[in-house]
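*Asks:* Can you keep this structure in mind? I'll have questions shortly.
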Amino acid sequence: MLAELESTPQGLTQPQAAARLRVYGPNRIRQAHRFDAWALLLNQFKSPIILLLIFAAGLSMFLGEVTNSIIIFVIVAASSLLQFWQEYSAANAVQRLLRLIAVKVTLLRDGEPVDIPMDEVVPGDVVVLNAGDSVPGDCILLESTDLSVDEATLTGETYPVPKAPGAVPADTPLLARSSALFMGTHVVSGTGTALVVRTGFQTEFGQIASRLEVRQPETAFQQGIRRFGALLMEFTLILVLAIFAVNAYARRPVLDSFLFALALAVGLTPQLLPAIVSITLARGARRMAEQRVIVKRLEAMENFGGMDVLCCDKTGTLTQGTVRVRAIVGVDGNESPKALRYAVLNATMQSGYTNPLDDAIRTFRPAQGESFEKLDEVPYDFGRKRLSVLVQTDAGRVLITKGAVATVVAVCRWAETASGGRVAIEEARPQIERLQAESSAQGLRTLAVGYRSMDSANATRDDEMDLTFLGLVVLHDPLKPGIVQTLQDLRAAGVALKVITGDTALVAAFVSAQAGLPTAAIMSGRDLSNTSDRALLRQAETVSVFAEVEPNQKERIIRALRAAGHVVGYIGDGINDASALHAADVGISVAGAADVAKEAADIVLLDKDLHVLTQGVREGRKTFANTLKYVMITASANLGNMFSMAGVSLFLPFLPLLPHQILLTNFLTDLPAMAIATDSVDAESVQRPSRWNVPFIRNFMLVFGLQSSVFDVLTFGVLLLVLRAGPAEFRTGWFMESVISEVMILLVIRTRRFFLRSRPGRYLEIGALVVIAATLLLPFTPLTALLGFQPVPALFLATLGAILAAYVGTAELVKRAFYRFPLHRSVGGPSPKSDGERMPRPSGPG
């Protein structure tokens, strides 16, 4: 195979790899999202309504109405370019953020190990694999040491599969190809070196992906956006067709009526909604990146903002994650030089799974004095929970085993005393258990060390028997500075923390109590095994600490909490966290996590720090709040304008607004709406989790849409009956009232507070002032005649000002009544229980 791929056990050279990357292409099983500027620009014109509008404007130009056609073209182009610029900037920003957490693999290039992005792996590369690594392509093993691989993503089998070099028959089933590794799987334990044979779509996983279109399931937020937009679109098209038919029946010019209906459709349909949502989420992701939080999947921010339960491990999250050795003691509880020496040898010579426990032992007191040579190794795995190294010492060959106390004691036959004698392990077991219990009660972790003499120069798992117990390695991991305050901040933000750890119940309880978590109810892995799913549904809500939990039980806890109505986040960085990360509403990992954990996560923390996460949660809620602002403001304005425009067009002897005037109105009101993504958010709106709430938005849309229609009708009546306005004056007055009122109401309903006590974001404030000023000045500029407006007398302006003042004051009163109305509270509903309390779930703007 090496010859066929023109490679060597030392890997490819850099020039060879670069040439092959050009031939084979990037190592991906799905197309990367490329944000080509021209493609994105053309995408802005894909809407059927926009295309019809451009066609109708072209027809209008052909028939001689050049001025109107040019105005329509300019406004459509300006609106589309604005949307393109915003969306392109947001998309590229997200791509830059994702590059910060790209998965890398270790390859041999020019005979030296280098870390490169997985996308750049090519056939012929030699990959170095350790526990936690993802397999970057379909490979054949060159060498391995006790290598086990999780192939569940490909075969569905739960248990890790042992792998070793060697030929197998060509017709061997996938499950039995013991010398082959497949893309999409990951290493559970052991080490190996493998030759990459296939990459990308040529892999087994890639061929499956090429036959099936695999889509990420929609989040509740995406479903809500899609259904809401579709509902508005259908309703709008029906109404616009009716308006066109009525205007045509009234014998108004057909082309003008057609353009009027299409322009109305552009103004009333939420064609900007997907772009605004993307822009808002992308900008929120950039703000979160400033807080050291990288969002991989923008849609996950809805769940991030709604998260009310966070599950995490103890080590590295509550504690510093820098394990230190406190003591290495013998059976009698006193320091044991021999146990120390053997523990250091085991930690120094093992080359399997890199872990902080061995780092702490190595740095505690380096081995010295004797000469040692490593002969063989039996790496750590999650089943045995121990590792052994075979060492040649001055006194002979010794197998040194270190691991979890229970699993090491289980393979011991003797225990060595302080004087060097031996006693039966059963005799020493009570003392060992007492030492372990005392250490655990103080929040300390213990490992056991045992040994046996060996004649062979090789070692296997079967040699881990009849050992002599030497002693315990006592380790501690202090709490992180400020963790108590951080947990209080999380609780204040409506997020309950639940600890899920593989440590003993005593250790978990001690550390959790130090961190200020309730420890009255602790559930062990054994208790979990004996608890039905229905019972766990109830108990998971009251238990704050889950101890001695197996990896497969983490996912069960997550699913139980979700079934109880919670939005669950899970933070993990290990191989055994992958399934729990996938099962959670929000999977959260860290930049230094195992590849498989980073791939399964929706959000990646650049620092494993709950304080960073707390800040990220608040930023996520701000982003979600601004997204909802746009949805609700757009919905209410669209509905109100829809009814107003439909109603008045049936009775006026002329079109209430010319097509290009409608488009100009839409363009001007879109400018401040674009700035909602950067709007400030009231502090009380990020204190509790928030969720997409379609009934709430429907009620909001009906209430404020109806209010908008009432004042539109009032404006029509004043213009026609009081001011006796002609067509040009009517259009000018309504244009000014429509634009300014929508901008003013945006500033009112963007917050639950009195609008003068909640200052909008700088860009929104500037955008609103500029649009209002431009609207007031436009009828008095040289563009007036071109746009079909005319200057209006001071009486018009004063009357419109009074209507606007009444509109704003009424909107503030309606807003206060709306948020106090019992129907709103029942629709919003309470959040799922958290820490024994029900918390209100704010769903409105602010």
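*Asks:* Within the set of pairs 6 or more residues apart or between chains, which connect a residue that is among the acidic types (Asp, Glu) inside the stretch 499-527 to a residue that is open to solvent by 20 Å² or more (accessible area, probe 1.4 Å) with Cβ atoms less than 8 Å apart?
*Replies:* What qualifies is 503/315; 503/445; 503/548.
*Asks:* Moving on to the next point. Name the residues in the stretch 435-449 that are over 13 Å from residue 509 (Cα atoms), touching a Ser or Thr at 6+ places or on another chain (Cβ under 8 Å) and either outside any strand (DSSP E or B) or at pLDDT below 85 (or both), would you?
*Replies:* Within the stretch 435-449, 435, 436 meet the criteria.
*Asks:* Next question. Among residues belonging to the stretch 371-388 that are in a strand (DSSP E or B) and in contact (Cβ under 8 Å) with a residue 60 or more places away in the chain, point out the one that is surrounded by the most Cβ atoms within 10 Å (Cβ to Cβ).
*Replies:* 388
*Asks:* Take the stretch 504-524 and flag every residue that is in a loop (DSSP other than H, G, I, E, B) and either open to solvent by 20 Å² or more (accessible area, probe 1.4 Å) or touching a Ser or Thr at 6+ places or on another chain (Cβ under 7 Å) (or both).
*Replies:* 504, 516, 517, 518, 519, 520, 521
*Asks:* State all residues of the stretch 721-753 that are open to solvent by 30 Å² or more (accessible area, probe 1.4 Å) and within 44 Å of the chain's Cα centre (by Cα); if no residue qualifies, say none.
*Replies:* Across the stretch 721-753, the qualifying residues are 742, 744, 747, 752, 753.
*Asks:* Suppose we keep only residues that are assigned to a helix (DSSP H, G or I) and in contact (Cβ under 8 Å) with a residue 60 or more places away in the chain within the stretch 555-576. Which one would you say is most open to solvent (accessible area, probe 1.4 Å)?
*Replies:* Among them, the one singled out is 576.
*Asks:* Please count how many residues of the stretch 152-177 are part of a loop (DSSP other than H, G, I, E, B), modelled with pLDDT of 80 or more and surrounded by 15 or more Cβ atoms within 10 Å (Cβ to Cβ).
*Replies:* So the answer is 2.
*Asks:* Let me ask something else. When you scan the stretch 623-660, how many residues do you find that are part of a helix (DSSP H, G or I), of a type outside the set (Gly, Ala, Ser) and farther than 28 Å from residue 760 by Cα?
*Replies:* 7
*Asks:* Among the residues of the stretch 104-113, is there at least one that is without any contact (Cβ under 8 Å) to a residue 40 or more places away in the chain, surrounded by fewer than 18 Cβ atoms within 10 Å (Cβ to Cβ), in contact with a Ser or Thr (Cβ under 8 Å, 6 or more places away or on another chain) and part of a strand (DSSP E or B)?
*Replies:* Scanning the stretch 104-113 turns up at least one residue that is without any contact (Cβ under 8 Å) to a residue 40 or more places away in the chain, surrounded by fewer than 18 Cβ atoms within 10 Å (Cβ to Cβ), in contact with a Ser or Thr (Cβ under 8 Å, 6 or more places away or on another chain) and part of a strand (DSSP E or B).
*Asks:* With in contact with a Gly (Cβ under 7 Å, 6 or more places away or on another chain) and among the hydroxyl-bearing types (Ser, Thr, Tyr) as the only criterion, which of 532, 524, 589 stands out?
*Replies:* Criteria check complete, one pass: 589.
*Asks:* Exactly one of (1) assigned to a loop (DSSP other than H, G, I, E, B); (2) in contact with a strand residue (DSSP E or B) (Cβ under 8 Å, 6 or more places away or on another chain) is unmet by residue 338. Its number?
*Replies:* Residue 338 satisfies all of (1) assigned to a loop (DSSP other than H, G, I, E, B); (2) in contact with a strand residue (DSSP E or B) (Cβ under 8 Å, 6 or more places away or on another chain) except (1).
*Asks:* Take the residues in the stretch 539-554 that are in a helix (DSSP H, G or I) and not basic (Lys, Arg); name whichever of them is modelled with the lowest pLDDT.
*Replies:* For the stretch 539-554, the residue satisfying everything is 551.
*Asks:* Would you please name the residue that is farthest from residue 466 (Cα to Cα), looking only at residues in the stretch 397-426 that are without any contact (Cβ under 8 Å) to a residue 60 or more places away in the chain and open to solvent by less than 20 Å² (accessible area, probe 1.4 Å)?
*Replies:* Looking at residues that are without any contact (Cβ under 8 Å) to a residue 60 or more places away in the chain and open to solvent by less than 20 Å² (accessible area, probe 1.4 Å), I get 403.
*Asks:* Exactly one condition in (1) in a helix (DSSP H, G or I); (2) polar (S, T, N, Q); (3) modelled with pLDDT of 80 or more is not met by residue 589; state its number.
*Replies:* Single failed check for residue 589: (1).
*Asks:* Being of a type in the set (D, E, K, R), in a helix (DSSP H, G or I), open to solvent by 30 Å² or more (accessible area, probe 1.4 Å) and closer than 22 Å to residue 550 by Cα narrows it down to one residue among 489, 527, 462; which is it?
*Replies:* Of the residues listed, the single one that is of a type in the set (D, E, K, R), in a helix (DSSP H, G or I), open to solvent by 30 Å² or more (accessible area, probe 1.4 Å) and closer than 22 Å to residue 550 by Cα is 527.
*Asks:* Given the conditions (1) within 28 Å of residue 713 (Cα to Cα); (2) surrounded by fewer than 24 Cβ atoms within 10 Å (Cβ to Cβ); (3) not hydroxyl-bearing (Ser, Thr, Tyr), and given that residue 659 satisfies all but one, which numbered condition is not satisfied?
*Replies:* (2)
*Asks:* For the stretch 297-324, give me each residue that is open to solvent by 30 Å² or more (accessible area, probe 1.4 Å), modelled with pLDDT under 80 and within 22 Å of residue 620 (Cβ to Cβ).
*Replies:* 297, 298, 299
Residue-wise test of (1) open to solvent by 30 Å² or more (accessible area, probe 1.4 Å); (2) modelled with pLDDT under 90; (3) within 28 Å of residue 685 (Cα to Cα).
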{"residue": "755", "(1), (2), (3)": "yes, yes, yes"}
{"residue": "763", "(1), (2), (3)": "yes, yes, yes"}
{"residue": "777", "(1), (2), (3)": "yes, no, no"}
{"residue": "787", "(1), (2), (3)": "no, yes, no"}
{"residue": "793", "(1), (2), (3)": "yes, yes, no"}
{"residue": "798", "(1), (2), (3)": "yes, no, no"}
{"residue": "811", "(1), (2), (3)": "no, no, yes"}
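*Asks:* Here is a list of conditions, (1) modelled with pLDDT of 80 or more; (2) buried (at least 24 other Cβ atoms within 10 Å of the Cβ), and residue 618 meets all of them except one; can you say which number that is?
*Replies:* Only one criterion in (1) modelled with pLDDT of 80 or more; (2) buried (at least 24 other Cβ atoms within 10 Å of the Cβ) is unmet by residue 618, namely (2).
*Asks:* Of the numbered conditions (1) under 42 Å from the mean Cα position of the chain (by Cα); (2) in a helix (DSSP H, G or I), residue 712 fails exactly one; give the number of that condition.
*Replies:* It is condition (1) that residue 712 fails.
The values are calculated or read from the model by the stated rules, or taken from the named source; none is laboratory data. Here the structure is a predicted model, which is why all the values come from computation and not from measurement. Cβ sites come from the backbone with ideal geometry, for glycine too, and all protein chains shown count toward neighbours. Ligands, DNA and RNA are excluded from the accessible area calculation, which covers all protein heavy atoms including side chains. Shrake-Rupley method; radii C 1.70, N 1.55, O 1.52, S 1.80 Å.
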